[in-house]
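> Structure incoming, see below.
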There are 2 protein chains.
Amino acid sequence: MTTKAAGQPSRRGPYSKSTERRQAILAAAHAVFAAHGYRGGSLQDVADRVGMSQTSLLHYFPSKSDLLLAVLTWRDSITGDGTTPPDPEEKLVDAVIRQARFNEEIPGVIELYTVLCAESVTDRHPGREYFTERFDRLRRSYTRRFKELADEGRLRPGVEPEAAAATLIALWDGIQTQWLLAPESVDMAGCLRGYLELVLLPE
Amino acid sequence: MTTKAAGQPSRRGPYSKSTERRQAILAAAHAVFAAHGYRGGSLQDVADRVGMSQTSLLHYFPSKSDLLLAVLTWRDSITGDGTTPPDPEEKLVDAVIRQARFNEEIPGVIELYTVLCAESVTDRHPGREYFTERFDRLRRSYTRRFKELADEGRLRPGVEPEAAAATLIALWDGIQTQWLLAPESVDMAGCLRGYLELVLLPE
């Protein structure tokens, strides 16, 4: 079955070729799931985009749900998993605004996240565990951050770190959906900055 | 084809019978779309649930997208369209908390909303116009409310009514998703109350 491919000259050896195919499949799956959701996107669509058969595709990712999880992990490698800002000294407001502005440049990635996250609440969805764990991790991470700010006297009295963490994450997700539907009417970064300026006291 | 049914005694006449079937189809479609999304749910699943053929079902709703829009309109009749609190004198915080508590009792309805809303950002989704218009209407409605509160001196200085409106709606949507995935870890009403107590000054 692989005779033809093996007969062609390879400049990079089998490992890099395989890595390259995996990347191409991930990019195609990303586009298909963003455009149609996980349930609406088909493996055949993904295979068609990379010009391979479904059987070949399944050699790289044994099932559609494996492909989904690989796409989600790949997405984290593009946008970060939301908990590790590159510069630990960066201020929370600056880090959030920087990420929100970056996200505005990659609407397809935001669309994928929005669709798969919401879909994950449905029956037996293979992304459910990923998103449940992601939210747990994000809530813990932002709670820690808000507690540090409270210790520095920077959190407005009466604001609970746990509630502020869940609220910031929820606002971010919700405003992305509004922005995807009406980018000209919604100021994502402005809403996030507005919230953080409410809960944080000036230095 | 309808001989058998016509031969059965009918106590309510053809109109109410038809209304009853429509209601049964809407309830079934609601359950199917909430569990699998619009793209993942099939007309056959809906037809199976009400024990009719797909052909009979299409007599009531000519297409799957017609059925989707009817389900969304029906949902509004259960939860309200978000802009008309039953009591115009009710305080904003009370109205929001009351609705959030009500929503906790109907997780299936929230699941439907969450899934279809996110799915609507995908290519050529028949719900896109519904959700775009819904968010426009909600933003306008809450902006008016926050402006009234600003006129009464109740809005914290520096808070923009437009941004507060988009933020409240976004927070509400986002916190519902977190709650659906981890109901024991997320306090929906508490987060909404916390936000409103930040932007509103005490009377």
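The values are calculated or read from the model by the stated rules, or taken from the named source; none is laboratory data. Bear in mind the structure is a predicted one, so any value in this text is a computation, not a measurement. Neighbour counts run over all protein chains shown; Cβ positions are idealised from the backbone, glycine included. Side chains are part of the model used for accessible areas, which takes the heavy atoms of the whole protein and leaves out ligands, DNA and RNA. Shrake-Rupley method; radii C 1.70, N 1.55, O 1.52, S 1.80 Å.
> If I filter the stretch B:179-187 for residues that are facing chain A (nearest Cβ under 7 Å) and touching a residue at least 60 places away in the same chain (Cβ under 8 Å), do I get at least one hit?
yes
> Let me ask you something else. Within the stretch B:126-140, track down each residue that is out of contact with any Gly (no Cβ under 9 Å at 6 or more places or on another chain) and over 16 Å from residue A:117 (Cβ atoms).
Result: B:126, B:127, B:128, B:129, B:130, B:132, B:133, B:135, B:136, B:139, B:140.
> Looking for whichever is within 15 Å of residue B:192 (Cα to Cα) and open to solvent by 10 Å² or more (accessible area, probe 1.4 Å) here; the options are A:162, A:184. Which one fits?
A:162
> Among residues belonging to the stretch A:141-160 that are in contact with a helix residue (DSSP H, G or I) (Cβ under 6 Å, 6 or more places away or on another chain) and within 10 Å of chain B (Cβ to nearest Cβ), point out the one that is farthest from residue A:170 (Cα to Cα).
The residue in question is A:156.
> Do we have residue B:132 as of a type in the set (S, T, N, Q), buried (at least 20 other Cβ atoms within 10 Å of the Cβ) and at the interface with another protein chain (Cβ under 7 Å from one of its Cβ atoms) here?
no
> Something else: So in the stretch A:24-46, with the set limited to residues that are away from chain B (no Cβ under 14 Å) and of a type in the set (A, V, I, L, M, F, W, C), which one is farthest from residue A:117 (Cα to Cα)?
Across the stretch A:24-46, the extreme among qualifying residues is A:24.
> Let me ask another. Given the structure, is residue A:195 facing chain B (nearest Cβ under 7 Å) and aromatic (Phe, Trp, Tyr)?
So residue A:195 passes the test.
> Out of the residues in the stretch A:91-122 that are surrounded by fewer than 22 Cβ atoms within 10 Å (Cβ to Cβ) and not in a helix (DSSP H, G or I), state the one that is nearest to the other protein chains (Cβ to nearest Cβ).
A:106
> Right, next: From (1) at pLDDT below 95; (2) open to solvent by 10 Å² or more (accessible area, probe 1.4 Å); (3) not polar (S, T, N, Q), pick out the condition that doesn't hold for residue A:190.
Checking residue A:190 against (1) at pLDDT below 95; (2) open to solvent by 10 Å² or more (accessible area, probe 1.4 Å); (3) not polar (S, T, N, Q), the one that fails is (1).
> Any idea how many residues of the stretch B:152-178 are under 18 Å from residue A:132 (Cα atoms) and without any contact (Cβ under 8 Å) to a residue 12 or more places away in the chain?
Going through the stretch B:152-178 one residue at a time, the tally reaches 2.
> Given the criterion buried (at least 21 other Cβ atoms within 10 Å of the Cβ) and closer than 21 Å to residue B:169 by Cβ, identify the matching residue among A:138, A:168.
Matching residue, one of A:138, A:168: A:168.
> Give the number of residues within the stretch B:34-52 that are touching a helix residue (DSSP H, G or I) at 6+ places or on another chain (Cβ under 6 Å), open to solvent by less than 20 Å² (accessible area, probe 1.4 Å) and modelled with pLDDT under 95.
Of the residues in that region, 3 qualify.
> With the structure loaded, tell me whether residue B:157 is open to solvent by less than 30 Å² (accessible area, probe 1.4 Å) and more than 15 Å from the chain's Cα centre (by Cα) or whether it fails that test.
no
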